[in-house]
Amino acid sequence: MNSKLQKLHLFVLIILLALALAALYTVWSGEGSLTLFYLMDDIPVYFHVDALARVFVTLTSIIWVLVGIYAFVYMEHEGKEERFFGFYILVYVVLIALELSGNLVTLYFFYELMTLTSMPLVLHNGSREAIMAALKYLFYSMCGAYCALFGIYFLYKYCDTLTFKAGGTLNMTLVSGNETILLIAVFMMLIGFGAKAGMFPLHSWLTAAHPISPAPASAVLSSIIVKGGVLAIIRSVYYIVGVDFIRGSWVQNVWIALTLLTVFMGSMLAYREKVFKKRLAYSTVSQVSYILFGLSMLTPEAFVGSMLHVVFHACIKSVLFLTAGSFIFHTGKTRVDEYAGIGKHMSLTLWCYTFASLALIGIPPMSGFISKWYLAQGALQSQTGVFRFLGPAVLLISALLTAGYLLPVTMKGFLPGKDAVVEEKKERIDKMNAVLLILAVFTVLMGVWPNPLINYVGEIAGGLF
């Protein structure tokens, strides 16, 4: 590595650590507020720290710094490091602003900005395929954002305020007699923000963008950026509309049906897919809809399960995509069937992948088991008719399919057979492997000692129901 790259990496690391420490200090030093300016007399660009923001900011900061360190090595393989790290830092700043947004208009502004600033990460290599994937990402995200904007127009009319408040801010006097149009508006918001989270029918951008992006970009797209859609839905449903307004309505039923369809469809497509990163992208489509399914149940237990899965999925999917990046970095191969015997040369990488896979499947005592348990319990305790039982059944089928598309990589990688072509025959503990090891340890420890996180998100749920 030349001295210019070393200086770049040191500069980026200092900036990332400084921003992350500043963000963490801001959210954990108390509940503060900041108004930058007013768009209109009653609509400020406003930021506020609350318990939900702490979860997302902490998660984003940890993942962003670790994946950035991994990228120091990986991006030598891709090139154009200055541009990549410039946008990487910029997206982090936008995400923190999104997560600290104190009202719906501020959140929407940074939600749009998140799309525009993250798109260059998708088109990084400049190939025709990358450009088309980035345009698809932009098109789907903007279509979703416009659907959400439609809903915001109506909420502005029927809410006392667009500032987030646990339990919602709907003025039921104004709503009376206008329930139908408002339910349509809420549904449009769910579809619109669900596009970023990969929910059917606006999901296919995800499987186009992830495989073509550099592995660090794929990791943060899958683990953090798609959670921007999840956060927007949480804020809209639980902090503006309120659960009582949509509980038992056609909006809740259609929302549940769409999440279960996405869970099953994503798992089936992942099971059939042969390109490794695309298989993981389909997995993200499925797994993020686990979170949306829990939110759609509108019960405290399911909400806790969703928040747990936000955290667990971020760590797990980072490991999986960074593993794919390591395989590509060392072998140049992209298909699952080309990794037979790779465990002989990259055993540490494959072990990290294996533990993350077990966690995503939901094998106890791994972290994924905890979140899926709460999701299933929340569904069974809900008053959602057939979905009470159909939901856990679909989650179980999806878990079996998840085992079917993740574990063969481990089995073929460790079992004797034709060896994968690896540039370096002896695996080194470098920055890439160190990050994989740290994240893999996180996925295990959070399953063994989940109570602090369960208690914290339980307190958030307690204020919403």
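Beta carbons closer than 8 Å, at least 6 apart along the sequence or on distinct chains, pair a first residue in region 143-161 that is basic (Lys, Arg) with a second that is surrounded by fewer than 20 Cβ atoms within 10 Å (Cβ to Cβ) for LYS157/LEU174.
Among the residues examined, SER218 qualifies as at pLDDT below 95 and in contact with a Pro (Cβ under 8 Å, 6 or more places away or on another chain). Taking the criterion of being over 28 Å from ILE438 (Cα atoms) and part of a strand (DSSP E or B), would at least one residue in region 15-31 satisfy it? No. State whether the residues of region 171-183 include one that is within 30 Å of LEU269 (Cβ to Cβ), surrounded by fewer than 16 Cβ atoms within 10 Å (Cβ to Cβ) and touching a helix residue (DSSP H, G or I) at 6+ places or on another chain (Cβ under 7 Å). No; the residues of region 171-183 include none that is within 30 Å of LEU269 (Cβ to Cβ), surrounded by fewer than 16 Cβ atoms within 10 Å (Cβ to Cβ) and touching a helix residue (DSSP H, G or I) at 6+ places or on another chain (Cβ under 7 Å). If only residues of region 405-421 that are assigned to a helix (DSSP H, G or I) and either surrounded by fewer than 18 Cβ atoms within 10 Å (Cβ to Cβ) or among the polar types (S, T, N, Q) (or both) are counted, the one that is modelled with the lowest pLDDT is PHE414.
Of the residues making up region 383-404, those that are farther than 25 Å from VAL336 by Cα and either outside any helix (DSSP H, G or I) or within 23 Å of the chain's Cα centre (by Cα) (or both) are GLN383, THR384, GLY385, VAL386, GLY391, PRO392, VAL394.
Comparison of LEU121, LEU66, LEU52 shows that the only residue that is at pLDDT below 95, surrounded by 19 or more Cβ atoms within 10 Å (Cβ to Cβ), part of a helix (DSSP H, G or I) and not acidic (Asp, Glu) is LEU121. Checking each residue in region 341-363 for being open to solvent by 10 Å² or more (accessible area, probe 1.4 Å), of a type in the set (Gly, Ala, Ser) and within 24 Å of TRP449 (Cβ to Cβ) picks out only GLY362.
In the set LEU206, LEU202, only one residue is within 16 Å of the chain's Cα centre (by Cα), open to solvent by 30 Å² or more (accessible area, probe 1.4 Å) and over 30 Å from SER33 (Cβ atoms); that residue is LEU202.
Total residues in region 371-384 satisfying the condition of being open to solvent by 30 Å² or more (accessible area, probe 1.4 Å), touching a residue at least 60 places away in the same chain (Cβ under 8 Å) and out of contact with any Ser or Thr (no Cβ under 7 Å at 6 or more places or on another chain): the figure is 4. Put simply, of ALA130, ALA145 the only residue that is part of a helix (DSSP H, G or I), touching a helix residue (DSSP H, G or I) at 6+ places or on another chain (Cβ under 8 Å), modelled with pLDDT of 90 or more and under 24 Å from VAL285 (Cα atoms) is ALA145. For region 71-102, enumerate the residues that are hydroxyl-bearing (Ser, Thr, Tyr) and either within 17 Å of the chain's Cα centre (by Cα) or more than 13 Å from ALA215 (Cα to Cα) (or both). Once the filter is applied, which keeps residues that are hydroxyl-bearing (Ser, Thr, Tyr) and either within 17 Å of the chain's Cα centre (by Cα) or more than 13 Å from ALA215 (Cα to Cα) (or both), region 71-102 yields TYR88, TYR92, SER101.
Yes or no, residue by residue, for (1) under 30 Å from GLY167 (Cα atoms); (2) of a type in the set (Gly, Ala, Ser); (3) free of Cβ contacts under 8 Å to residues at least 40 places away in the same chain:
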| residue | (1), (2), (3) |
| --- | --- |
| SER3 | no, yes, yes |
| ILE15 | no, no, no |
| GLU31 | yes, no, yes |
| THR35 | yes, no, yes |
| VAL55 | yes, no, no |
| TYR70 | no, no, no |
| GLU76 | no, no, no |
| GLU81 | no, no, no |
| PHE84 | no, no, no |
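In the set SER318, SER306, only one residue is open to solvent by less than 10 Å² (accessible area, probe 1.4 Å), under 16 Å from the mean Cα position of the chain (by Cα) and over 16 Å from TYR353 (Cβ atoms); that residue is SER306. Summed over region 151-170, residues that are part of a helix (DSSP H, G or I), open to solvent by 80 Å² or more (accessible area, probe 1.4 Å) and in contact with a Leu (Cβ under 9 Å, 6 or more places away or on another chain) total 2. No other residue among ARG272, ARG247 is of a type in the set (Lys, Arg) and farther than 30 Å from ALA340 by Cβ apart from ARG247. Counting the residues of region 321-338 that are open to solvent by 10 Å² or more (accessible area, probe 1.4 Å) and of a type outside the set (Lys, Arg) gives 9.
The values are calculated or read from the model by the stated rules, or taken from the named source; none is laboratory data. Model, not experiment: these values are computed from the prediction. Note that each Cβ is placed from the backbone with ideal geometry, even for glycine, and that neighbours are counted across all protein chains shown. Note: areas computed on protein heavy atoms with side chains; ligands, DNA, RNA excluded. Shrake-Rupley method; radii C 1.70, N 1.55, O 1.52, S 1.80 Å.
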